[in-house]
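A short worksheet on the structure shown next.
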Amino acid sequence: MLAVIHWGPDPIIAHLGGFALRWYSLLFAVGFIVGFFMLRKQFVQDKVNLDILDSLLLYSVVGTILGARIGNCLFYEFEYFSQHPAEILLPFKFSPEFEFTGFRGLASHGAMLGLIIAYWILSKRTGKPILWFLDRAALISGICLASIRLGNFMNSEILGAPFDGAWAVVFDKLPPPTGTTPRHPVQLYGFIVYMGLFIFMNWYYAKKRNTVKDGHIFAVGLTILGTLRFCMEFIKEHYVFDPDSIINMAQLLSLPMIIGGIILAYYTRQQPTQSPILDE
């Protein structure tokens, strides 16, 4: 086996009084901030009230965090949180002893559901269609997800399957045998593919924006994202949630994204043709 990359940074950047500034939190915020300024430029060009953008950012952050947290508890740790429901939305746990934990465990599929609910509420408040908001979110989703994957890499979490290639990574901070096994750097794979998704979605929007219905951009992004998530699970550690299953929970949750995205993309693929007005 060739030399591997050893990786084990401190996930905490600095302690500020009683507050710990973490790489994950910083990178999580960076994705939303970059996305905000990208959409701001587009809103100005399209002459859309910037107050709507401010609301979009707020609803996006709240919907993402709440949805991701609740989704993780329901989809992946239901047995524990069904017995400790207060810990779902509280940043500490009570057993076996009281401990401040922060919000450990966020599920991207839950974040998707949280965003849809948040945008439905925002749609009711602003009068704009929910699909209009989802289209805008699809344009920046790639940069947000890419930033989060870098945060996962700094945290030495979401591990890849064992791998003996030249770019295999050993996560030195983790206990053996987990921390001594060379692995696929799936976090970096995710960063690359999500940046690719970000570039593609903005190119596709520039090409199709005047010819498709609201929701088409979101549908295409949803299909691609679901497909990427489904495929990348095969190179992650412990990718089966049931010994008798060939797919895991993340892949199972990705299938509705793929199917729903394809159906919605088909029905929104073009704007209605305007009937010509004939002179009487």
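Bear in mind these aren't lab numbers, they're just calculated from the coordinates by the rules spelled out. Keep in mind that this is a model prediction, so the values were computed, not measured. We place every Cβ from the backbone using ideal geometry, glycine too, and count neighbours over all the protein chains shown.
Where Lys and Arg each count +1 and Asp and Glu each count -1, what net charge lies around Y119 among other residues with Cβ under 15 Å from its Cβ? Summing Lys/Arg as +1 and Asp/Glu as -1 gives +1.
F78 to D172: extension gain in nm, 0.36 nm per residue of separation minus the Cα-Cα distance?
Values: separation 94, 0.36 × 94 = 33.84 nm, distance 2.99 nm.
Stretched fully, the F78-D172 segment lengthens by 30.8 nm.
Between the alpha-carbon centres of segment 189-220 and segment 44-60 there is a gap of 19 Å. With each label modelled as a point 7 angstrom along the Cα→C-beta vector, the A206-S245 pair spans 4.1 nm.
Highest average first, the peptides 256-263, 131-138 ordered by how many other beta carbon atoms sit within 10 Å of their residues are 131-138, 256-263. Fully extending the segment from Y266 to A14, taken as 0.36 nm per residue of separation minus the present Cα-Cα distance, adds 85.8 nm.
In the chain, Rg over Rh equals 1.01, where Rg is the alpha-carbon radius of gyration and Rh the Kirkwood radius from pairwise Cα distances. Dipole of the chain computed with +1 at Lys/Arg Cβ and -1 at Asp/Glu Cβ about the Cα centre; of V30, G215, A3, farthest Cα towards the positive end is G215. Divided by 2.2 N^0.38 Å, where N counts the residues, the Cα radius of gyration of segment 129-280 comes to 1.33.
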